[in-house]
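Colleague: Take a look at this one; I'll ask things after.
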Amino acid sequence: MLQPIQSEPCPRCGLEVNVRQSYCHHCKDVSNLESVFLRKNYKRQIYKQNRRLRRIFMMLTLLIGAIVVWLFIG
């Protein structure tokens, strides 16, 4: 049976790293400045993904609310 891969954030770049690895494959060959850029870029991507997800849930909420109002009024 397959076991889930356990990961934790790298202290240097903040990206997820397999617990079994002794180094981070994201930032092992980059400078400290580049690792900071990796972290900021990752956070920016996560923010964009969350913003899209928030819009989807808002639209679903409005749609369900409109259907409920229509059922009670109509």
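Colleague: Can you give me the number of residues within the stretch 17-42 that are modelled with pLDDT under 85 and under 17 Å from the mean Cα position of the chain (by Cα)?
Modeller: Residues meeting the conditions: 4.
Colleague: Within the stretch 35-70, which residues are closer than 21 Å to GLU8 by Cβ and either part of a loop (DSSP other than H, G, I, E, B) or of a type in the set (D, E, K, R) (or both)?
Modeller: ARG39, LYS40, LYS43
The values are calculated or read from the model by the stated rules, or taken from the named source; none is laboratory data. Everything numeric here is computed off the predicted structure, so don't read it as measured data. Positions of Cβ are generated from backbone atoms using ideal geometry, with glycine treated the same way; all protein chains shown enter the neighbour counts.
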